[in-house]
Amino acid sequence: MQQNNPLKRKRANAEPAAKEWPPFGAAKNLSLSLASLRWSPEALGWALSAGSGSETLGGPAELGPETEIYCRRWLMLFLFGAVSASNAFMGLQYAIISNTFMRFYSMDSLAIDWLSLVYLLTYVPLILPVLWLLHNRGIRDAVLVGSAFNTIGSWIKIGSAGPDLFPVAFLGQFVCSVATVFILGIPSYLASVWFGEEEVSTACSIGVLGNQLGCAIGFLLPPILVPNVDDLDELAHHIRVMFYITAGVATFLFILVVFVFQERPPLPPTLAQATARCIPAEEYSYVASILRLLRNRPFVLLILTYGLNVGCYYAVGTLLNRMIISHYPNEEVNAGRIGLTIIVSGMVGSLICGLWLDRTKTYKQTTLAVYLMSLVGMIVYTATLDQGHLWVVFITAGSLGFFMTGYLPLGFEFAVELTYPESEGTSSGLLNCSAQVFGIIFTICQGKIIDAYGTLAGNIFLCVFLLIGTVMTGTRRKDGGNFCPAEGSHFEEQLVRLLFSASADGCILTPTDVPALVSSAAGLIKSDLRRQKANQIAKEEAERQMSGQDYGATALLAQTQPASSQP
């Protein structure tokens with residue numbers, strides 16, 4: 001099994017002059033197009049340009065198969081998705097029946113909420129060490145360690161099936177939450193390493209679907225496996241059975257990861273991935289990479305908007321049981337089914353968004369449209385929650401989940417485009433870190449608001465921040481111009497003018513602006529699709545050199561013509 005990190009692979013050729021690096025492995029495995037690409041580390045990232053095709057080592061390189069797509073890529077994807085689903089299930093198995101566990105452990109609602117919030121809290125301090133491990137040891141070791149923590153935590157929780165064993169339950173959840181740090185940011189990295197240019201976004205969506213599938217099972221099974229019975233001994237038995245099932249599944253998946261999961265394919269699937277492999281270890285700095293990302297203004301804005309959207313999603317999922325029970329008493333099972341509806345519709349939305357991105361490459365427009373519809377879905381859900389018709393809540397919650405969950409792979413893939421050739425794991429990790437921070441803040445604040453003022457006020461609280469995220473993702477002036485920070489201008493002042501409409505021309509988002517806003521998609525986050533540009537440059541360079549070789553062969557044939565054939 002291949003376990004080498006792409007950034008640590010030793011090159012077969014000597015160091016070339018300047019910043020031009022040779023192809024990955026032997027020259028015959030890659031075309032001249034990749035050898036002539038020029039990568040220059042700069043303050044805001046790596047600058048990509050096409051170099052001179054003649055500056056290759058050892059003379060003209062042979063044109064050979066530079067990329068290849070392997071069938072086993074689907075096995076890697078679905079195995080990772082299963083591990084992610086197992087981990088996500090454990091994160092929600094307490095929250096969806098929080099009232100049952102409150103009575104079983106004799107704890108208040110906030111204590112039970114922390115059994116889910118610990119997943120978010122653990123991520124923030126551990127993400128940078130885990131990203132370092134991902135860079136230095138590779139994706140296989142990251143998934144292996146994550147699966148191991150998931151298995152250990154699941155067995156610890158078996159010992160928590162007693163009314164006085166809440167600390168053991170929290171310890172088990174904490175260990176499982178460590179696994180999340182290793183798993184959550186993998187989909188975009190795995191998709192880029194294993195999948196071709198026309199399917200990378202779909203693969204990322206399927207990787208995210210694994211997490212969503214686990215959430216769906218977490219909403220569905222706990223209310224069925226752990227009924228809200230009065231006898232605590234019987235309740236402890238049901239809880240123990242649920243924990244045994246999750247521990248058995250986690251152990252089986254860990255064994256599969258040990259023997260089946262691979263680091264990467266022998267040959268890269270795309271020209272962009274092949275070019276990224278050419279970056280030598282001595283030219284790559286983990287700390288410098290993070291600093292470049294944090295100086296990348298479009299990516300930083302995406303971090304904020306992604307955190308606002310996904311943080312709202314985490315808050316809704318964690319507090320769903322409390323919101324449903326407050327309006328529909330004794331409907332724990334239906335609360336789980338509503339959560340299942342949110343996740344299943346979101347899985348469909350994620351898959352559709354991934355297919356759409358692979359087909360159109362309209363990252364900015366699609367991101368903005370889905371973000372706007374997430375806001376609309378949250379407003380409709382808020383307005384219909386207390387109407388007394390549970391079937392209406394199923395419909396509105398499903399529409400909310402379709403767009404809010406569908407945003408997850410969009411954020412990952414848009415981040416990869418904005419930050420290429422930086423590691424996909426780093427960009428995804430920073431996005432998830434933002435989501436965890438906002439998720440903790442929103443969940444605690446909304447929970448307090450619900451306790452004090454009711455669910456309507458709590459959901460309006462989330463709607464306000466989704467509106468801010470939508471405005472930050474893309475805003476259009478009334479005069480038809482695009483709001484973009486001017487070179488050398490004070491960005492913070494422009495943002496305040498945008499949000500509060502204090503400028504003379506007024507940056508106001510009105511309903512009539514929405515179609516034009518979505519179609520133009522020109523706002524605070526600029527659509528700088530670097531990975532697409534890298535693929536395009538490599539293809540154009542390959543075509544140019546192929547054309548040059550044809551001309552050279554024609555000239556050689558003309559020179560070798562017999563003298564008698566000339567007039």
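The values are calculated or read from the model by the stated rules, or taken from the named source; none is laboratory data. Keep in mind the model is a prediction, meaning the values are calculated, not measured. Backbone-built Cβ (ideal geometry, glycine too); neighbour counts: all protein chains shown. Protein only, heavy atoms only, side chains kept; ligands, DNA and RNA dropped before computing areas. Shrake-Rupley method; radii C 1.70, N 1.55, O 1.52, S 1.80 Å.
Calculate the spin-label point distance for I468 paired with F252, positioning each point 7 Å from the Cα along the beta-carbon direction, and give it in nanometres.
Placing both labels 7 Å beyond Cα along the Cβ direction yields 4.5 nm.
Using mean Cβ contacts within 10 Å as the protection proxy, how do 119-131, 66-78 order, highest first? Provide the component values of the computation, followed by the final result.
On the way: 119-131: 19.2, 66-78: 16.2.
My ranking of the peptides, most packed first, is 119-131, 66-78.
Kindly rank 348-354, 134-140, 426-432 from highest to lowest mean number of other beta carbons found within 10 Å of each residue. Walk me through the intermediate numbers first.
On the way: 348-354: 22.6, 134-140: 20.7, 426-432: 25.9.
In decreasing order of mean packing, 348-354, 134-140, 426-432 become 426-432, 348-354, 134-140.
Each residue of region 174-181 in order: what ³J(HN,Hα) in whole Hz does its phi give by Karplus 6.51 cos²θ - 1.76 cosθ + 1.60, θ = phi - 60°, with x for Gly and Pro?
After applying 6.51 cos²θ - 1.76 cosθ + 1.60, I find 4, 5, 5, 5, 4, 4, 4, 4 Hz.
In the neighborhood of A236, defined by Cβ-to-Cβ distances under 15 Å, what is the net charge if each Lys or Arg adds +1 and each Asp or Glu adds -1? Mind showing how you got there, number by number?
On the way: positive: R103, K157, R240; negative: D164, D230, D231, D233, E234.
Every neighbour counted, the sum reads -2.
Share of region 325-404's accessible area from carbon and sulfur, percent, 1.4 Å?
Working: 2260 of 3220 Å².
So the carbon and sulfur contribution to the accessible surface is 70 percent.
Compare the peptides 157-165, 461-469, 370-378, 388-396 by average per-residue count of other Cβ atoms within 10 angstrom and give them in order, highest first.
Values: 157-165: 17.2, 461-469: 19.1, 370-378: 23.0, 388-396: 15.0.
Descending packing order for the listed peptides: 370-378, 461-469, 157-165, 388-396.
In nanometres, what is the gap between the two model label sites at R297 and L355, each 7 Å from Cα along Cα-to-Cβ?
With each label placed 7 Å out from Cα toward Cβ, I get 3.8 nm.
For N136 paired with N330, estimate the spin-label separation in nm (one decimal), with each label point 7 Å from Cα along the Cα-to-Cβ line.
Each label point is offset 7 Å from its Cα along the Cβ direction, giving 5.8 nm.
Counting only Cα, what are the radius of gyration and maximum Cα-Cα distance Dmax of region 281-380, in Å?
So, for region 281-380, Rg and Dmax equal 18.4, 62 Å respectively.
Write down the accessible area per residue of region 172-319 in Å², having rolled a 1.4 Å probe over the full set of protein chains. Walk me through the numbers on the way to the answer.
Values: 4390 Å² over 148 residues.
Averaged over the residues of region 172-319, the accessible area is 30 Å².
If I take R0 = 30 Å and measure r between the Cβ atoms of V437 and F259 in this structure, what FRET efficiency does the formula 1/(1 + (r/R0)^6) give, to the nearest 0.05? Intermediate results must be reported in sequence, preceding the final value.
Working: r = 37 Å, r/R0 = 1.22.
Once the sixth-power term is evaluated, E becomes 0.25.
How much length is gained on full extension from C445 to L75, taking 0.36 nm per residue of separation minus their Cα-Cα distance?
On the way: separation 370, 0.36 × 370 = 133.20 nm, distance 4.10 nm.
Additional length available on full extension: 129.1 nm.
How much area per residue is accessible in region 76-149 when the probe is 1.4 Å and only protein heavy atoms are counted (Å²)? Before the final figure, lay out each step's value.
Working: 2100 Å² over 74 residues.
Heavy-atom accessible area per residue stands at 28 Å².
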